[in-house]
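Here's the structure, in structure tokens; my notes come after.
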Amino acid sequence: MKTEVVEIEKLIFGGVGLGRLANGKIVLVPYVLPGERVEIRITAEAKDYAEAELLEVISQAKDRVEPPCPYYGTCGGCQLQHVSYERQVELKKEILIEIFQRQAGLSDVPLLGVYPSSKPFHYRNRLRLHVEASSTLEAPPFKLGFVKWRSHKVLRIEECLLAHEKVNSLLKSLYYHPTFMVLSPYVKRVRIEHSPAEDKATLIFWTMIKPLFRDVESLLTIQDLKCVFYILRGARPEGPFPKDAPYGGRRLFNALFDLTYYVQPGVFVQTNWEINLLIQQKMFELAQGCERVLDLHLGMGNFLLPLAFKLSRGVEFLGVDTDPRAIEDGLYTAKKNNLNGRLDLRTMSSHACLHELIKEGRTFDLVLLDPPRGGCKDILRYLPNVAEKYILYLSCDPPTLARDVKVLLSLGFDLKGLYLFDMFPQSYHLEVLAHLVRKA
């Protein structure tokens, strides 16, 4: 494909730079910065834009740094390691504002807070890795890793600079543990999860055959490993091993107001817990004066439990989620923190919950939304019937958030503020909290 020299105008969501070819067509280039002049090779062309690979940076931006990770550019997990962390946060702010201007139709975007991570590296409390037999004679005879960028091949890694040190320690140990070497031909994936309050890790592996009890137990010789689980079929893991692991093998997280969360392996927890605490605090501040709170994407109770514990005027706290194990953890955590009488937690979809509430004529001062990446498109039209005053909408995907906010504006809500939380340093991802208020 042809080569060309272009100037990068800006970064867009996805972490790629936008430039223009000599013919005026937009070209998207990874690993660049605004203002840089770069030589590129076109790799793909569509009607309205082209994609290219970076060949050489002819003139560098002052915020360019040397990426510390040896896998950067091959692994698809990070897109911004070549950018100083301070500049990463500024770029994410610019990208967020542009998304809301373009997709929500806002001329004045009310971005009221930007919260960087205190840890640009080693912030992830979990890793999920593929396990694949090695195609060469290298030792050990398998590899643990991530899928390569724009590929289906697994990249062998021994350390991820985004992961907590205890997670990396366990990852390295697996390569040389004799029992895992025996099990590895039958293991498809592993998940390593850090338990911050205990500073230990748990291990879950997906296997094609049932392992021997003695083999699973022998993995516990790995230093700083709290317990082991495995999944043969279905979503519920077998374990814990050892059987008497504290709290059924749950991970422990310290939260606001001296609350402690207890979370089963595989149940979703925000990957950057320090940033998660900042989001909890901001939600608590914005929820002041509310008496009735509905959480339509409860998970393990991440955001509802602090409100139930500390809102002085709170009388009703209802949370729903489709993951029964997450609901189990919410109830377990509520019991451990003496919150049982204040919470109603149900295994139910947000859609079914809203239908039931509308039928019963029930409303809430505050509705919490924390959906998957696809957003809340299917339930937005029901919210005016249930949300009397406020909506707090947390999203890891600004484009779908902007799309949904635009709909909510048309349904009688005002966007009072946006808050950017850098949950994922070194990547293009970011977490955004939207504070919406019902029009009088």
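In this structure, is Gly239 out of contact with any Lys or Arg (no Cβ under 6 Å at 6 or more places or on another chain), closer than 26 Å to Gln270 by Cα, surrounded by fewer than 18 Cβ atoms within 10 Å (Cβ to Cβ) and assigned by TED's automatic domain parsing to the domain that holds Phe180?
no
Take the residues in the stretch 252-294 that are charged (D, E, K, R) and under 22 Å from Lys335 (Cα atoms); name whichever of them is surrounded by the most Cβ atoms within 10 Å (Cβ to Cβ).
Arg292
Evaluate the following for Gly341: is it part of a helix (DSSP H, G or I), surrounded by fewer than 19 Cβ atoms within 10 Å (Cβ to Cβ) and free of Cβ contacts under 8 Å to residues at least 60 places away in the same chain?
The answer is yes for Gly341.
What number goes with the only condition from (1) of a type in the set (A, V, I, L, M, F, W, C); (2) under 18 Å from the mean Cα position of the chain (by Cα); (3) crowded, with 19+ Cβ neighbours inside 10 Å that Val147 does not pass?
(3)
So that you can scan it fast, the table gives a plain yes or no per residue for (1) surrounded by fewer than 21 Cβ atoms within 10 Å (Cβ to Cβ); (2) touching a Gly at 6+ places or on another chain (Cβ under 8 Å); (3) part of a loop (DSSP other than H, G, I, E, B); (4) at pLDDT below 95:
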{"residue": "Arg373", "(1), (2), (3), (4)": "yes, no, yes, yes"}
{"residue": "Arg381", "(1), (2), (3), (4)": "yes, no, no, no"}
{"residue": "Leu394", "(1), (2), (3), (4)": "no, no, no, no"}
{"residue": "Asp414", "(1), (2), (3), (4)": "yes, no, no, no"}
{"residue": "Tyr419", "(1), (2), (3), (4)": "no, yes, no, no"}
{"residue": "Pro425", "(1), (2), (3), (4)": "no, no, yes, no"}
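The values are calculated or read from the model by the stated rules, or taken from the named source; none is laboratory data. The model shown is predicted, which means the values in this text are computed figures rather than measured ones. Virtual Cβ from ideal backbone geometry, glycine too; neighbours counted across all protein chains shown.
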